[in-house]
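Visitor: Attaching a single structure in structure tokens format; questions to follow.
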Amino acid sequence: MSNLPTHIAIIMDGNGRWASLRGLNRTKGHEKGAETVRTITTFCSNHPEIKRLTLYAFSTENWKRPRLEVEFLMKLLERYLKKELPIYLEENVRFEPIGDLSPFSASLRKTITRVEKATSHCTGLIQSLALNYGGRDEIARAAERLNRDSLPITVESLGDALDSRHDVDLLIRTGGDYRLSNFLLWQSAYAELFFTDTLWPDFVEEELIAIIEKFKGVERRFGGLQ
Ligand code: IPE
Ligand code: IPE
Ligand code: MG
């Protein structure tokens, strides 16, 4: 069973273009994208071999966007989490944020912590949302923590000090671009990378199943032989 992805990570890209193609405001694409988060999370929670789903929701670089779009994304996130809580509980999904939450409003941070605590007993899928997340920022914060505690910096200690200590098996990017955009740089060292032109709001379970099927056929050598 070792060739099944236990940790899937997704760069959910293409919300804005999905909306623009329809003559809609970019915010509509983010709203539709939030629905895709729900369907893909439900799919993964129904497949117990998938233990962890990490979704890139807001990067450390996304603050560069117009103020109104950033404000909308913050509101959408809060709205999404509040609405999602009963569904997390019903589906036994544990919510775990990663990233530096400190720049978020007190209200948003409170909601994030509330949902995290309320689902901490859930034993099914772990849905990790990357919020104000950047791979470089995460590594720098981890190193700073070790330095503060005067601990030696090794691959193990640094890996353990990260927000997400879990290697990615399968990394998917929607939206047609071939880049990592600062997502899970450390954890993706040996991830299998899949890129699709599908815009995130159009991404459906069938496409994820097809990607997982391809993933299963890949021989992962981790630097060894056969
Ligand atoms: C991804 O979709 C969602 C976030 C980065 C918040 P985009 O908003 O980047 O959509 P495109 O890439 O502009 O189409
Ligand atoms: C990556 O998408 C970030 C998220 C999906 C949250 P971006 O749209 O921000 O990435 P770039 O700017 O195309 O690299
Ligand atoms: Mg984008």
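Visitor: What residues from region 184-211 fall in the zone where the backbone N is under 19 Å from a label point 7 Å along the Cα-to-C-beta line of Leu4?
Guide: Hits in region 184-211 for Leu4 at 19 Å: 192, 205-211.
Visitor: Quickly estimate the mean residue ellipticity at 222 nm for the chain, helices only: each DSSP H run with n ≥ 4 gives -39500 (n - 2.57), and the total goes over all residues, rounded to 500.
Guide: Values: 7 runs with 97 residues, N = 226.
It comes out at -14000 deg cm²/dmol, rounded to the nearest 500.
Visitor: If the only charges are +1 at each Lys and Arg Cβ and -1 at each Asp and Glu Cβ, what is the size of the charge dipole of region 38-158 around the Cα centre, to the nearest 20 debye?
Guide: The calculated dipole for region 38-158 is roughly 400 debye.
Visitor: Let me ask another. With a 1.4 Å probe and all protein chains kept in place, how much accessible area does Leu68 have, in Å² rounded to the nearest 10?
Guide: 120 Å²
Visitor: On alpha-carbon atoms, Rg over Rh for region 36-98 using Kirkwood Rh?
Guide: 1.02
Visitor: Let me ask something else about it. Hey, rough spin-label estimate for Ser105 and Lys83, points 7 angstrom out along Cα→Cβ, what's it come to in nanometres?
Guide: 1.7 nm
Visitor: Still on this structure: Place a +1 charge on the Cβ of each Lys and Arg in the chain and a -1 charge on the Cβ of each Asp and Glu, then give the dipole magnitude about the Cα centre in debye, rounded to the nearest 20.
Guide: The dipole magnitude comes to about 700 debye.
Visitor: Hey, another quick one. Scaled to the compact-protein estimate 2.2 N^0.38 Å, what is the alpha-carbon radius of gyration of region 1-70, rounded to two decimal places?
Guide: 1.34
Visitor: If you don't mind, another one. Kirkwood hydrodynamic radius, computed over distinct alpha-carbon pairs, for region 126-165: how many Å, to one decimal?
Guide: Kirkwood radius, region 126-165: 10.6 Å.
Visitor: Next up: Does region 51-132 come out rounded, prolate or oblate, given a ≥ b ≥ c as the square roots of the eigenvalues of its C-alpha gyration tensor, rounded meaning a/c under 1.5 and, failing that, prolate meaning a/b above b/c?
Guide: Numbers: a/c = 2.17, a/b = 1.77, b/c = 1.22.
Verdict is prolate for region 51-132.
Visitor: Another question, if that's okay. Probe radius 1.4 Å, ligands and nucleic acids left out: which of Glu138, Glu192 has the largest accessible area, and how do the rest follow?
Guide: Greatest to least solvent exposure: Glu192, Glu138.
Visitor: Can you find, among Ile50, Phe104, Leu24, the residue sitting farthest towards the positive end of the charge dipole of region 11-123, where Lys and Arg contribute +1 and Asp and Glu -1 at Cβ?
Guide: The Cα lying farthest towards the positive end belongs to Leu24.
Visitor: Pairs of alpha-carbon atoms within less than 8 angstrom and 6+ residues apart define the contacts here; what relative contact order does the chain have, in percent? Walk me through the intermediate numbers first.
Guide: Values: 367 pairs, mean separation 65.5, N = 226.
It comes to 29 percent, rounded to a whole number.
Visitor: Turning to a different aspect of this structure: Based solely on C-alpha atoms, express the radius of gyration and the Dmax of region 99-195 in angstrom.
Guide: Final numbers for Rg and Dmax: 15.1, 43 Å.
Visitor: Strictly greater than 20 Å: what percent of every Cα pair in region 1-125 meets that?
Guide: Considering region 1-125, 47 percent of its Cα-Cα pairs are separated by more than 20 Å.
Visitor: In addition: Compute the accessible area per residue over the chain, keeping the other protein chains in place, probe 1.4 Å, unit Å².
Guide: Result: 52 Å² of accessible area for each residue.
Visitor: Something else about it: Find the centroid of the Cα atoms in region 161-192 and in region 60-102, then give the distance between the two in whole Å.
Guide: Each part reduced to its Cα centre gives a spacing of 19 Å.
Visitor: Taking Cα atoms of the chain, Rg/Rh with Kirkwood Rh, to two decimals?
Guide: Radius of gyration over Kirkwood radius for the chain works out to 0.95.
Visitor: If I compute solvent accessible area with a 1.4 Å probe over the protein chains, what percent of it on the chain is carbon and sulfur?
Guide: 53 percent
Visitor: I would also like to ask the following. When we measure straight from the Cα of Lys64, which lysines land under 18 angstrom away, once same-chain ones fewer than 8 places off are left out?
Guide: Lys75
Visitor: Would you compute the Debye intensity of region 141-220 from its alpha-carbon atoms alone, equal scatterers and no solvent, and pass along log10 I(q)/I(0) at q = 0.27 Å⁻¹ to two decimals?
Guide: -1.28
Visitor: Moving on to the next point. Hey, got the dipole for region 26-74? About the Cα centre, +1 on K and R Cβ, -1 on D and E Cβ, debye to the nearest 20?
Guide: Result for region 26-74 is approximately 80 debye, rounded to the nearest 20.
Visitor: Would you kindly calculate the translational diffusion coefficient of region 96-147, applying Stokes-Einstein with the Kirkwood radius from alpha carbon pairs, for 25 °C and a viscosity of 0.890 mPa s, and quote it in µm² s⁻¹ without decimals?
Guide: It diffuses with D of about 200 µm²/s by this estimate.
Visitor: Modelling each spin label as a point 7 Å along the Cα-to-Cβ direction, I'd like the Ser150/Glu205 distance in nm, to one decimal.
Guide: Distance between the two pseudo-spin positions: 5.5 nm.
The values are calculated or read from the model by the stated rules, or taken from the named source; none is laboratory data. All values derive from a computational prediction rather than experimental measurement. Using ideal geometry, Cβ is built from the backbone for each residue, glycine included, and neighbour counts are taken over all protein chains shown. When the accessible area is computed, the model is the full protein with side chains, heavy atoms only, and any ligands, DNA or RNA have been set aside. Shrake-Rupley method; radii C 1.70, N 1.55, O 1.52, S 1.80 Å.
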